[in-house]
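The values are calculated or read from the model by the stated rules, or taken from the named source; none is laboratory data. The structure presented is a predicted model; accordingly, all values stated were derived computationally and were not measured. Note that we place each Cβ from the backbone using ideal geometry, even for glycine, and neighbour counts take in every protein chain shown. Please note that ligands, DNA and RNA were not included when accessible areas were found on the heavy atoms of the full protein model with its side chains. Shrake-Rupley method; radii C 1.70, N 1.55, O 1.52, S 1.80 Å.
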Amino acid sequence: MPDEIATSAAQAALPSWPEGLTRIPYWVFQRDDIYVREQAHVFRGPVWHYLCLETDVPDEGSFRTSFIGDAPVIVTRGAGGKLHAFENRCAHRGALICLDDEGKAKQGFSCVYHAWSYDLEGNLNGVAFMRGMKGKGGGMPPDFKMSDHGPRKLRVAVIHGLVFGTFSAQASSLEEFLGDEICARIARVLEGRKPVVLARYTQALPNNWKLYIENVKDSYHASILHLFFTTFELNRLNYTGGVIVEGDGGHHVSFNQLDRSKVDEAYSKQNIRSESDYKLADPSLLHGFEEFPDGVTLQILTVFPTFVLQQIQNSIAVRQIVPRGPGHSDLHWTILGFEDDTPDQRLVRLKQANLVGPAGYISMEDGCVGGFVQRGVAGAPDHSAILEMGGRDAVSSESRVTEGGLRGFWKRYRALMGI
Amino acid sequence: MDTASRFLAVAQLNAQYASVIDNDRLEQWPDFFTPQCLYRITTAGNFARGYEASIVFANSRGMLVDRVSALRTANIYERQSYRHIMAAPVILGAQGEDMRSETSFAVVRIMRDGATILFASGRYLDAIVQDGSALMFRERIVVCDSPRIDTLLAIPL
């Protein structure tokens, strides 16, 4: 019977993908075989994945655990301050090597199951009873070499305090993977600054991981689904912005920028059109400070496949999506401040943290809308989503009313997946 | 107030607070707080590490009023309700009219289709002041035991 099951699984070919970039078949959010293939081709493929902040592993011996897709990973700082990452999987029987989120492990790690031990680089350096019990025999065969075994090691690279890793020897350098525009857009938020973690929490999303990253790249929905700014008339007229699509389509930046030439005109218009009954009782929530000289007040940046860097006014955060089977994912939020924040600036960040996260005024809807899709398409695997807003290709746009970033994601995804 | 009356007064305050949220009378929820107040929802891990930011943060009653009006007029989420189960309060200290207390809670979330889960458990860490005959929260820190929030947190805890 098991043979039959294996054969039928191998024979079940994937349905064909509709022509072009504008149709996304719903089976891609549902199928177990797609999920399995993603783990190999996307998560363990020639792609860099966000692991943690460099400040999460400040000293020699510091570690933090993370994920690349389903794979649990340990990031460490070893001798000479060098960063390492390797699978959190004992070479012996596959148990987790490290059971904590973060900490110090000066002596490395020891698996609780049979005490096989590892140094900070992930090298196996101890096997309990390797030579057996004294005088009683046992032990590993004489030709067993510790150096032949170990968890898979990752390549690690850092950009402006963000630690990325890849299982792939084929992946280009991190900078090349990101491209100049994405590197510059990360730099404008993080370069030369020491981030301070202000909070971490996890949002369990009732949907496939790709529905969340689609949502982040979808600037079309922003003013439609998220009514907070509109309801309280906090939208400003004097903004320009756009969507940048990079990295063979896989990365994107969506931004709003103050157009200083229109400031006066726009302010006067705002005074004219304040007819709304809805006013914030305490508008200090939005009294920010000028943090970025370029006037960009909103920048949402994604790095293929599952990383988000967010600047919404003075609310800075990184988000990492971890798939949890075809129908579930975990969204890990890390809310950031910076070491040189004044007390007033820090208070602004604490207040503006209300905008994001599971209770965020402008992001709580993103926690449920992916589930609405997952449930909505449950009986329609052979039907497709329509992505034609802003054209049919995957290019940058001065308008944020575009699905170009989504088409770019799927272009990159399909190339990697071979579908 | 003597010890027994403090205990009863805080237990009653908690019961009234839960009743307002669970029976969808959210407009009354800010009235449980002093005009200058602190309301936070955080997690045990964040709290233990002293992390400052919150899932929900308000340092004025006005910000709580804004939470409610945003939920009523702006935010979009599937119809749902809570049921708070409150433990008896522990009075941690009292000085004049001011008290500090800790109360364990569990919140069950009921979705419109009937799906019912244990949405949150944790403790309220409170600073309570007496305003005339009424008790009010000067500070209510909601420390959730788990670092995970399912889907979204719209209605306050």
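Counting only DSSP H runs of at least 4 residues, each contributing -39500 (n - 2.57), and dividing by the residue count of chain B, the helix-based mean residue ellipticity at 222 nm comes to -8000 deg cm²/dmol. Only alpha carbons enter this Debye calculation for segment B:3-144, each as an equal point scatterer, and the log10 of I(q)/I(0) it gives at q = 0.16, 0.19 Å⁻¹ is -0.90, -1.28. Here the Karplus curve 6.51 cos²θ - 1.76 cosθ + 1.60, taken at θ = phi - 60°, turns the phi angles of segment A:67-76 into couplings of 9, 10, x, 6, 6, x, 9, 10, 10, 10 Hz, with x standing for Gly and Pro. In this label model, residue A:175 and residue A:225 are separated by 3.6 nm, measuring between points 7 Å along each Cα→Cβ vector.
Compared with the dominant Cα axis of chain A, that is its longest principal axis, helix A:404-417 is turned about 20°.
Full extension of the segment from residue A:248 to residue A:36, taken as 0.36 nm per residue of separation minus the current Cα-Cα distance, would add 74.0 nm.
Per atom type, segment B:3-144 shows carbon and sulfur on 52% of its accessible surface, probed at 1.4 Å.
Counting, for every residue in B:143-152, the Cβ atoms of other protein chains within 10 Å of its Cβ and taking the mean gives 6. Across the cross-link table entries A:153/A:194; A:106/A:136; A:104/A:145; A:153/A:210; A:106/A:145, which are compared at the Cα atoms, the separations over 31 Å belong to A:106/A:136.
Since only B:104, B:92, B:151 are under comparison, the one whose Cα sits farthest along the positive direction of the charge dipole of segment B:90-157, derived from C-beta charges on Lys, Arg, Asp and Glu, is B:151. Among the trypsin sites (Lys or Arg not before Pro) within segment B:1-92, those in coil by DSSP and having at most 15 neighbouring Cβ atoms inside 10 Å are B:25, B:79. Measuring r between the beta carbons of residue A:392 and residue A:187 and using R0 = 41 Å, the FRET efficiency lands at 0.80. In chain A, the inverse of the mean reciprocal separation of distinct Cα atoms equals 23.5 Å; this is its Kirkwood hydrodynamic radius. Pairwise Cα separations in segment A:133-172 fall into 10 Å bins from 0 onward with the following percentages, short to long: 20, 28, 20, 16, 13, 2. The alpha carbon centroids of segment A:133-196 and segment B:29-89 are separated by 39 Å. Can you tell me the FRET efficiency between residue A:380 and residue A:23 if r is taken as the Cβ-Cβ distance and R0 is 22 Å, rounded to the nearest 0.05? With R0 = 22 Å, the Cβ-Cβ based efficiency is 0.95. In square angstrom, what is the accessible area per residue of segment B:3-144 with a 1.4 angstrom probe? Computed with neighbouring chains in place, this is 43 Å² per residue.
Between 0 and 90 degrees, rounded to the nearest ten: what's the tilt of helix B:3-22 against the longest Cα principal axis of chain B? It is inclined by approximately 20 degrees.
The helix-based estimate of mean residue ellipticity at 222 nm for chain A, built from -39,500 (n - 2.57) per DSSP H run of four or more residues and divided by its residue count, is -6500 deg cm²/dmol to the nearest 500. Between chain B and chain A, the total buried accessible area stands at approximately 3300 Å², from heavy atoms with a 1.4 Å probe.
Against chain A, whose longest principal axis comes from its Cα atoms, helix A:180-190 is set at around 80 degrees.
Take each residue of peptide B:70-82, count the partner chain Cβ atoms within 10 Å of its Cβ, and average: the result is 5.
Residue separation of residue A:152 and residue A:115 scaled by 0.36 nm, minus their Cα-Cα distance, works out to 11.5 nm of gained length.
Computed over every Cα-Cα pair of segment B:65-157 and binned at 10 Å starting from 0, the pair-distance distribution P(r) comes out as 15, 37, 33, 14, 2 percent. Pairwise Cα distances in segment A:50-156 exceed 23 Å in 27 percent of cases. For residue A:279, a cut-off of 27 angstrom between C-alpha atoms picks up these lysines, skipping any fewer than 8 places away in its own chain: A:262, A:269, A:351. The translational diffusion coefficient of segment A:306-348, from Stokes-Einstein at 4 °C and 1.567 mPa s with a Kirkwood hydrodynamic radius over alpha carbon pairs, comes to 108 µm²/s. Unpaired Cys in chain A, meaning no second Cys C-beta under 4.7 Å: A:52, A:98, A:183, A:368. For peptide A:360-367, the mean count of partner chain Cβ atoms within 10 Å of a residue's Cβ comes to 5.
The modelled label-to-label distance between residue B:121 and residue A:168, using points 7 Å beyond Cα along the C-beta direction, is 4.3 nm.
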